[in-house]
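Have a look at the structure below before the remarks.
The values are calculated or read from the model by the stated rules, or taken from the named source; none is laboratory data. What you see is a predicted model; the values in this text were computed from it and never measured. Counting neighbours? That spans all protein chains shown, and the Cβs are built from the backbone with ideal geometry, glycine included.
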Amino acid sequence: MGFRRSLQRVLAVTRKEFRQLARDRLTLGFIVGIPALQLVLFGYAIDLGLPLSFHILTSQQDTFKVRGPKLNAFMSIIRGCQDLVGTFVLGGVFERHPRLRLVCVEADAGWVPHFMYRMDHAYDRHRYWLPSGTLTRMPSEYFREHVYTTFQDDWVAFQVKDLCNIRRLLWANDYPHSDATWPWSRNILAEQARGLTEEQRRWLVHDNVKELYKLPVG
């Protein structure tokens with residue numbers, strides 16, 4: 001009798017939710033449309049061997065409305081890319097799509113080791129906030145394998161290269177934007193990469209991006 005009453009309650013709630021979805025077409029569209037869009041988008045990216053790239057300032061939160069002086073907004077522009085990384089890693093996207101690659105464009109890279117450590121800390125303490133079975137590895141392992149970061153003037157990135165995956169670091173000069181290192185790119189790179197071996201330097205300025213995008217260059 002108790003089981004039958006419980007089942008009736010479940011069926012009643014289920015019918016109510018379906019009626020609500022029929023009235024709320026937007027929510028229904030999100031429930032059905034977003035997973036379908038992800039399957040198509042990620043499927044094409046994987047089949048074509050192309051990474052998904054997300055530039056800074058492409059988040060709804062990138063409004064430059066921050067506390068303090070206006071220049072303080074410059075300090076927040078990498079947050080959108082960090083949120084995307086967290087979404088992909090902690091949301092289990094890389095777990096479900098192990099061949100997918102993600103590029104954070106112009107968001108620097110010196111923050112990467114601490115971000116990986118912070119994700120591992122969060123997962124170690126609060127993994128039960130996620131649905132069971134979302135991840136089978138530590139979050140930093142997904143980051144280390146699947147996420148690339150590009151940077152221009154980031155001395156710290158060179159110092160922490162051994163705390164992340166150096167084969168996922170991509171140097172750029174951002175010409176012709178205001179944050180570009182041009183026309184001093186060679187000088188800045190020579191100074192900041194002074195502690196790298198010739199092989200490591202070649203990875204950052206040439207081999208990593210060639211491998212990622214399968215560029216036909218020597």
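See the values below:
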read-out: From the options Arg202, Arg194, residue that is part of a helix (DSSP H, G or I) and in the same structural domain as Val103 (by TED's automatic domain parsing); value: Arg202
read-out: Subset of the stretch 83-100 [at pLDDT 95 or above and under 18 Å from Phe151 (Cα atoms)]; value: Val85
read-out: Residue check, Thr181 surrounded by 18 or more Cβ atoms within 10 Å (Cβ to Cβ), farther than 30 Å from Asp47 by Cα and assigned by TED's automatic domain parsing to the domain that holds Met119; value: yes
read-out: Residue list for the stretch 67-97, filter: without any contact (Cβ under 8 Å) to a residue 12 or more places away in the chain and either surrounded by fewer than 15 Cβ atoms within 10 Å (Cβ to Cβ) or in contact with a Pro (Cβ under 6 Å, 6 or more places away or on another chain) (or both); value: Arg67, Gly68, Pro69, Lys70, Leu71, Asn72, Phe74, Met75, Thr87, Arg96
read-out: All positions within the stretch 163-186 that are modelled with pLDDT under 95 and part of a helix (DSSP H, G or I); value: Ser185, Arg186
read-out: Single residue of the stretch 119-149 satisfying the filter (charged (D, E, K, R) and either within 30 Å of Thr181 (Cα to Cα) or in contact with a strand residue (DSSP E or B) (Cβ under 7 Å, 6 or more places away or on another chain) (or both)) that is surrounded by the fewest Cβ atoms within 10 Å (Cβ to Cβ); value: Glu145
read-out: Lys214, sole failed condition from (1) more than 18 Å from Asp108 (Cβ to Cβ); (2) at pLDDT below 90; (3) under 25 Å from the mean Cα position of the chain (by Cα); value: (2)
read-out: Residue list for the stretch 185-212, filter: exposed (fewer than 13 other Cβ atoms within 10 Å of the Cβ) and of a type outside the set (Lys, Arg); value: Asn187, Ala190, Glu191, Gly195, Thr197, Glu198, Glu199, Glu211
read-out: Pair list, Cβ under 6 Å, 6 or more apart: the stretch 180-200 residue closer than 16 Å to Phe151 by Cβ, other residue loosely packed, with under 11 Cβ neighbours inside 10 Å and among the aliphatic types (A, V, I, L, M); value: none
read-out: Enumeration of residues in the stretch 151-167 that are under 17 Å from His55 (Cα atoms) and surrounded by fewer than 23 Cβ atoms within 10 Å (Cβ to Cβ); value: Gln152, Asp153, Asp154
read-out: Which numbered condition Val112 fails, given (1) within 27 Å of Tyr44 (Cα to Cα); (2) under 18 Å from the mean Cα position of the chain (by Cα); value: (1)
